[in-house]
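Every read-out reported here was derived from the displayed coordinates using simple, explicitly stated rules and does not represent laboratory data. These figures come from a predicted structure and were not determined experimentally. Glycine gets a Cβ as well: all are built from the backbone with ideal geometry, and neighbour counts include every protein chain shown.
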Amino acid sequence: MLLEDCSDKKIGRLPDMVRCSFADIEERRDAVVLTTDPAWKAVKGIAINSHQLIYVTGNTDAAMAGIAEACEGEVVYGIGGGLTIDTAKYVAAANGLPLIAFPTILSTDAFLTDATGVRENGCVKYLPTMSPDTVIVDMDVLCEAPASMRASGAADVLSIATALWDWQEAEKMEANPPDQRLTPQTINIAETLLQTLLENAREIGSGTPDGLKLLFDLLCMEVQLCNLCGHSRVEEGSEHYFTYAIENHLTSTNSGNVLHGELVALGILMMATLQSQPWMQYRHAIECLQINYRSPAVTPEAIVETLINLSQYVAQHELPYTVATTLQITPDIAKRTIQTVFD
């Protein structure tokens, strides 16, 4: 096989990591800075030559393409959470520019991956973009983030609980394609990451430097495991499909913004219950992590509608096999599931 034919088989890598204070950074190049108002305030005074300062508000392909087209600079900086850094990856890749990521909260694993999630036709689609060249980690800033937000990215590790169950079930049903077969080694590594999170949820949720350093490391290991697998089945299953579906509902009804991690946490509890897993240990961990899985923006009616229509949603968007593929959820089952989780 010629080397140039192997590009689609290349194993992704983690970005370079630099642990330092934002105050130690000095950027003289013309920078396109993508951020949000809270994130920009969190790094107030940072010495970046912000040639363009853009506040990110949406995650559609069109919104990101518009920013990419107007980009004028020598380097792209993504400062904030998942939406901001996902957009920065899109913009940098579209313009062939170097990318520096400054996560101000550990709300997702977006600052470690080489794809950008965009909302399209009611679902999330991942576009190949680029991973950051460098991730700047300022533990003081991460620890000072609001308690309800700083560790919500832990849901992308906790989702191994339901996603791995789904993947194992698909393996039993011979529903995994040849390039997504499950191995005992993958199961062992994934279960170790999950167990480490469960055992340290309180420390992480407390926002201590040791706790957030551990969460950072777990996110790195989770992403690298996905890189080695060549896909995200180990941490993306029915709980994420529930998240995509209810996000679509919230968007269409203008119900307000809810953190990705909050919806994934809710999805984990719903799906773990329907999988007949010991879901209470996951709820305990979520509460220790201070992730608000009971956002007032997400009404019981919205959850019921999402659960009832979930198998149809999965079929419509041709998502991989999970418990949501075949499980027929009636209104009574949906209401009982909500009552069980919220009791």
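Only Lys, Arg, Asp and Glu carry charge here, each on its Cβ (+1 for the first two, -1 for the last two); on that basis the chain has a dipole of about 460 debye about its Cα centre. For Ser21 and Glu120, FRET efficiency with R0 = 35 Å and r from the beta-carbon atoms, rounded to 0.05? After rounding, the FRET efficiency stands at 0.35. Taking packing as the residue-averaged number of other Cβ atoms within 10 angstrom, the listed peptides 145-156, 225-236, 320-331 run from highest to lowest as 145-156, 225-236, 320-331. Expressed per residue, the C-alpha convex hull volume of region 11-126 stands at 106 Å³. Only lysine pairs 8 or more places apart, or on different chains, with alpha-carbon atoms under 21 angstrom apart are counted in the chain, and they number 5. In this simple spin-label model, placing a label point 7 Å from the Cα along the Cα-to-Cβ direction at both Asn257 and Thr192 gives a separation of 3.8 nm. Peptides 264-270, 16-22 ordered by packing proxy, namely the average of other Cβ atoms within 10 Å per residue, highest first: 264-270, 16-22. When the Cα positions of Cys20, Gly261, Ile291 are compared along the charge dipole of the chain, Ile291 comes out farthest toward the positive end, with charges on each C-beta of Lys, Arg, Asp and Glu. Compactness of the chain is given as radius of gyration and Dmax, 19.6, 60 Å, from Cα positions.
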